[in-house]
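Only one structure is covered here, and it is reproduced in the block below.
The values are calculated or read from the model by the stated rules, or taken from the named source; none is laboratory data. What you are looking at is a predicted structure, and each value in this text was computed from that prediction instead of being measured. A quick note on method: Cβ atoms are made from the backbone with ideal geometry, for glycine too, and the neighbour counts reach across all protein chains shown. Ligands, DNA and RNA are stripped out before the accessible areas are found, and what is left, the full protein with its side chains, is counted by its heavy atoms. Shrake-Rupley method; radii C 1.70, N 1.55, O 1.52, S 1.80 Å.
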Amino acid sequence: MKLKHALFIAGFAALAVIAPLAYKIDRMSQASSLPDRQQKMMGLIDQVEIQIDSLGIPSIKAGHRVDAYWALGYFHAKDRLFQMDLIRRKMKGRLSEIFGPATVESDKAQRLLGFTQVAEQVLKNIPENKIKVLDAYSAGVNMFI
């Protein structure tokens, strides 16, 4: 049991070392390929403009709030999809699907906490205007995927 725990910690420590390096390499390759540092997204309620600075950081300008969240979801997924997927799997107790037996105990503990059920209950009580924003954000994430 302690060996599994040690392997799990070692795996995450390795990820903590490798991920920033991979991110930096990815950023360097993206920075050189950005078309004139500006992108326009059409087909939403209104026009959305994204300015990307020299570090690759987007600034979103939108005529409608829902469109801004769509663009936020798109760029969030573009820059952090792996992190988003790990957090989703962690909260649902599904890390073992990608890390194997080393994370089974963690998954069991997460499932006992019941965050998925709590999230479902919270979602039932969210006002309609907030649901539209969440749907737009999700649509932006899905558009990137």
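Can you say whether LYS24 is surrounded by fewer than 16 Cβ atoms within 10 Å (Cβ to Cβ), in a helix (DSSP H, G or I), of a type in the set (Lys, Arg) and at pLDDT below 85, as far as the supplied structure shows? First the steps, then the outcome.
On the way: surrounded by fewer than 16 Cβ atoms within 10 Å (Cβ to Cβ): yes; in a helix (DSSP H, G or I): yes; of a type in the set (Lys, Arg): yes; at pLDDT below 85: yes.
Yes; evaluated as a whole, the condition is true for this residue.
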Matching residues, segment 59-74, being under 18 Å from the mean Cα position of the chain (by Cα) and without any contact (Cβ under 8 Å) to a residue 40 or more places away in the chain: SER59, ILE60, ALA68
Hey, LYS132 closer than 26 Å to PRO58 by Cβ and open to solvent by 70 Å² or more (accessible area, probe 1.4 Å) or not: yes
Residues within segment 109-121 that are within 27 Å of ALA68 (Cβ to Cβ) and open to solvent by 80 Å² or more (accessible area, probe 1.4 Å), tallied: 1
Top-ranked residue of segment 79-108 - restricted to ones that are β-branched (Val, Ile, Thr) and more than 30 Å from ILE52 (Cβ to Cβ), ranked as surrounded by the fewest Cβ atoms within 10 Å (Cβ to Cβ): ILE98
